[in-house]
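What follows is one structure encoded as structure tokens, with my remarks underneath.
The values are calculated or read from the model by the stated rules, or taken from the named source; none is laboratory data. Worth saying up front: this structure is predicted, and the values here are computed from it rather than measured. A quick note on method: Cβ atoms are made from the backbone with ideal geometry, for glycine too, and the neighbour counts reach across all protein chains shown.
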Amino acid sequence: MIEATARPVPEYLGEVERFSAHNYHPLPVVLDRGEGVWVWDVEGNRYLDMLSAYSALNQGHRHPEIIEAARAQLDRLTLTSRAFHNDQMGPFLAELCEATGFERALPMNTGAEAVETALKTVRKWAYEVKGVPPDQAEIIVCENNFHGRTTTIVGFSSEEQYRSGFGPFTPGFRMVPYGDADALETAIGPNTAGFLVEPLQGEGGVVVPPEGYLRRARALCDEHRVALMADEIQTGLGRTGRLFCSEWEDVRPDLLIVGKALGGGVYPVSAVIADSEFMDVFHPGDHGSTFGGNPLGAAVGRASLRVILDEDLPARADRLGSAFMSRLRGIDSPHIREVRGRGLLIGVVVEDSSGTARPFCEALKERGILAKETHEQVIRFAPPLVIDEETLDFAFEQVRDVLTA
Ligand code: PXG
């Protein structure tokens, strides 16, 4: 391996401060290597990655099979134009449909693009299939949602910071409280095209909706012919202890939106998956993406999906996550207000004098654990799903010591 010539940490931080837009506030750690659940900084310190790039690293850093698939594809063909076929996209989409039980899939790259694709699909379906009058389609979304950063998507965010300064926004969205099926029922009207929901809100602070919520939402969507869109970009592909979080309530959405871990931590790969009733609204030229379905992304997507299925990562997340969560619930600390989540997507709601979780994340970093607060007061623990018991024990001890110090 070629060792990078490491510079002092302040040089890296100063460079980013000087040349990067200031749209993030990262912990002051500079990483240069990763393997499995571990990452190393430029000084050679090792950390356990408990954030996993917001669940994009479910298979761990540089999973050998994914790296091998990427490498093999790099040596053959990386990008074609969608004006031609490539030999990877078809198998990728077939395997995705096979694994999820849907008829068709539309490949994109980032999560936000997949969400936008789902919104476009549902609007077009509303006009062409459901019969909503032109330009009248409405889409219902939830308070406290996170679906990405495009102007349309932040336009229906309830988070002031995500919206502020970015208007004017796309019309046609209506917001209801998350977890409240009665509010959803009230909001549905004759022009309602779709309902966009996270089966568990990740960015919103690891919020688990009340039992039965998704099932009732499914029933309401059926009753009123509304397309149910499940944003499983963060919750999908094993993270919550099921292949998809909607399975916790035996719900099959009309449109399944996936991203993040579909790229195995190697490459951005996302997709919207649905039956022909929805997907067949698209005709050549209606929608597209330069990179969506490219051979490198498709090869990486195939390997990423295969690893999740072959290693049964959903079952692993279920088993290890339940154990970790009950141990966290057993910590006697005045700082812990609540522990919540599913599988290996766990939020610890904390309270300290400063009112934020960041000091705890900084203390964890000193003990070799990388975690990040979401929504100021929630520490999210979401390690790669390939983590083992022993490493989780180590993580638990550090978390317990930091929260009881
Ligand atoms: N849906 C959900 C549920 C997500 O968590 C997206 C969509 C958007 O995916 P892309 O690939 O477009 O980022 C997410 C992303 C950030 C940030 O700083 C985003 C996420 C998590 C943490 C930070 O924008 N989740």
TODO: Within the stretch 387-404, identify whether any single residue is in a loop (DSSP other than H, G, I, E, B), away from the ligand (no atom under 16 Å from the Cβ) and crowded, with 21+ Cβ neighbours inside 10 Å, and answer yes or no.
DONE: yes
- [ ] Would you point out which residue out of 177, 199 is surrounded by fewer than 21 Cβ atoms within 10 Å (Cβ to Cβ), in the same structural domain as residue 213 (by TED's automatic domain parsing) and not charged (D, E, K, R)?
- [x] 177
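Taking the stretch 229-261 as the search range and keeping residues that are among the small types (Gly, Ala, Ser), in a loop (DSSP other than H, G, I, E, B) and more than 12 Å from the ligand (Cβ to nearest atom), which one is nearest to residue 123 (Cα to Cα)? Spell out how you get there, then give the answer.
Of the residues in the stretch 229-261, the ones among the small types (Gly, Ala, Ser) are 230, 236, 238, 241, 246, 259, 261.
Add one more test, that the residue is in a loop (DSSP other than H, G, I, E, B), and what stays is 236, 238, 241, 259.
Subset that is more than 12 Å from the ligand (Cβ to nearest atom): 238, 241.
Values: 238: 29, 241: 32 Å.
Restricting to residues being among the small types (Gly, Ala, Ser), in a loop (DSSP other than H, G, I, E, B) and more than 12 Å from the ligand (Cβ to nearest atom), the top hit is 238.
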Task: Test for residue 341: is it over 12 Å from residue 399 (Cα atoms), in contact (Cβ under 8 Å) with a residue 60 or more places away in the chain and not assigned by TED's automatic domain parsing to the domain that holds residue 246 - done: yes
Open item on the list: For residue 340, only one of the following conditions fails: (1) farther than 23 Å from residue 100 by Cα; (2) over 18 Å from the mean Cα position of the chain (by Cα); (3) surrounded by fewer than 21 Cβ atoms within 10 Å (Cβ to Cβ). What is its number?
Closed with: (2)
Task: Which listed residue is farther than 22 Å from residue 221 by Cβ, among the β-branched types (Val, Ile, Thr) and either at pLDDT 95 or above or not in a loop (DSSP other than H, G, I, E, B) (or both), from 154, 129 - done: 154
Open item on the list: When you check residue 321 against the structure, is it in contact with a His (Cβ under 7 Å, 6 or more places away or on another chain), of a type outside the set (A, V, I, L, M) and outside any strand (DSSP E or B), yes or no?
Closed with: no
Open item on the list: Of everything in the stretch 29-51, what is surrounded by 12 or more Cβ atoms within 10 Å (Cβ to Cβ) and part of a loop (DSSP other than H, G, I, E, B)? Give them in sequence order.
Closed with: 29, 30, 37, 42, 45, 50, 51
- [ ] For the stretch 215-255, enumerate the residues that are in contact with a Pro (Cβ under 6 Å, 6 or more places away or on another chain), in contact (Cβ under 8 Å) with a residue 40 or more places away in the chain and surrounded by fewer than 24 Cβ atoms within 10 Å (Cβ to Cβ).
- [x] 242, 243
Task: Every pair of residues 6+ apart whose Cβ atoms lie under 6 Å, when the first sits in the stretch 196-208 and is in contact (Cβ under 8 Å) with a residue 40 or more places away in the chain and part of a loop (DSSP other than H, G, I, E, B) while the second is within 10 Å of the ligand (Cβ to nearest atom) and β-branched (Val, Ile, Thr) - done: 199/235; 200/235; 203/374; 205/374
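Considering 134, 210, which residue is under 22 Å from the mean Cα position of the chain (by Cα) and away from the ligand (no atom under 16 Å from the Cβ)?
210
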TODO: With the condition kept exactly as written, say whether any residue in the stretch 103-115 is outside the structural domain of residue 366 (by TED's automatic domain parsing), in contact (Cβ under 8 Å) with a residue 40 or more places away in the chain and in contact with a Leu (Cβ under 7 Å, 6 or more places away or on another chain).
DONE: yes
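For the stretch 277-300, state whether one or more residues are within 22 Å of residue 345 (Cβ to Cβ) and either part of a loop (DSSP other than H, G, I, E, B) or in the same structural domain as residue 240 (by TED's automatic domain parsing) (or both).
no
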